[in-house]
1. Scanning for something surrounded by fewer than 20 Cβ atoms within 10 Å (Cβ to Cβ), at pLDDT 90 or above and out of contact with any strand residue (DSSP E or B) (no Cβ under 8 Å at 6 or more places or on another chain), does segment 60-74 turn up at least one residue?
2. Could you say which residue among Ala198, Ala156 is small (Gly, Ala, Ser), part of a helix (DSSP H, G or I) and modelled with pLDDT under 95?
3. How many residues does segment 37-51 contain that are within 18 Å of Ala122 (Cβ to Cβ) and open to solvent by 40 Å² or more (accessible area, probe 1.4 Å)?
4. It is to be established whether one or more residues within segment 160-168 are open to solvent by 10 Å² or more (accessible area, probe 1.4 Å), at pLDDT 90 or above, over 17 Å from Met57 (Cα atoms) and out of contact with any strand residue (DSSP E or B) (no Cβ under 6 Å at 6 or more places or on another chain).
5. In segment 121-135, which residue that is open to solvent by 50 Å² or more (accessible area, probe 1.4 Å) and at pLDDT below 90 is farthest from Thr58 (Cα to Cα)?
Amino acid sequence: MTTTAATTTAAARPAAVSHRRGATLRTDTALILLTVTAGITDAISFLGLGGVFTANMTGNLVLVGMAATSDESWQEVLRGDVLRCTASFAGFALGMLAGFRLLRTRPAGSARVLGAGLALHAVFLAGWVATDAAPGTAAGAGLIAASATAMGVQTAAARGLDRAGITTTFVTGTLTSLISGLAQGDRRHAALRTAVLAALLVGASSAGCCWRTRRGRRRCRCWWRRRGRWRCAYGRVSRRNVRDEPGT
């Protein structure tokens, strides 16, 4: 019987290792996709909600500091940058608080926390559509708070995944960990951390491209060339020019 038990244990080890690798791959993929989402969210909030970040609170502190030394009156500063950054700070803190409490009451409940974040993104999208992507002061503050709360919830969920210290919403710590690990010869999480840094860039650049396309200042377009190859361009074009391109 001892031999049989040992054989069974040895046979189960490869399956357990494969399961752990699969779980790690799913976690890493989720972290990268969440970071892309954070890049998109921050770009949209900065471009469409008065130059405020809803995932990067450090940037908001800098913006408030610069606003305090601007030529605008204090009333304008309070109604502008201070109001927007306060809404973002409050939403982000509230989202993290709710997310961490949910994780405490439901261990390994990152999926539930992310579900709450998704619901908040849906609320933001509904408000964005309702205001035709041009919210006023009060509506804009509400949208900023909703977006920042979603990012706070996402930060808590990423911490719950507990993978290489990655938070997905801000990457200064990830960059620090990457360089620190490389300096000490520890490359265990170097690929994941590098992918997370790239994911934020991809998300922000994609959102920026879509924003400029929507505003009609720039347009991303692809058309089929006569020689049978795809040609993609990103530049200033008019509707007439787009219609005149082959294949459009």
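The values are calculated or read from the model by the stated rules, or taken from the named source; none is laboratory data. Predicted model only: the values in this text are computed from it and were never measured. Cβ placement follows ideal geometry from the backbone for every residue including glycine, while neighbour counts extend to all protein chains displayed. Only protein heavy atoms, including side chains, enter the accessible area calculation; ligands, DNA and RNA are left aside. Shrake-Rupley method; radii C 1.70, N 1.55, O 1.52, S 1.80 Å.
1. No, segment 60-74 has no match at all.
2. So the residue among Ala198, Ala156 that is small (Gly, Ala, Ser), part of a helix (DSSP H, G or I) and modelled with pLDDT under 95 is Ala156.
3. First, the residues of segment 37-51 that are within 18 Å of Ala122 (Cβ to Cβ): 37-38, 40-41, 44-45, 48-49.
Still in the running and open to solvent by 40 Å² or more (accessible area, probe 1.4 Å): 37, 40.
Summing the residues that are within 18 Å of Ala122 (Cβ to Cβ) and open to solvent by 40 Å² or more (accessible area, probe 1.4 Å) in segment 37-51 gives 2.
4. no
5. Of everything passing the filter in segment 121-135, Asp132 is farthest from Thr58 (Cα to Cα).
For (1) touching a residue at least 40 places away in the same chain (Cβ under 8 Å); (2) farther than 25 Å from Ala207 by Cα, each residue gets a yes or a no:
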| site | (1), (2) |
| --- | --- |
| Ala43 | yes, no |
| Thr54 | yes, no |
| Thr58 | yes, no |
| Ala67 | no, yes |
| Asp71 | no, yes |
| Cys85 | no, no |
| Leu103 | yes, yes |
| Gly109 | yes, yes |
| Ile144 | yes, no |
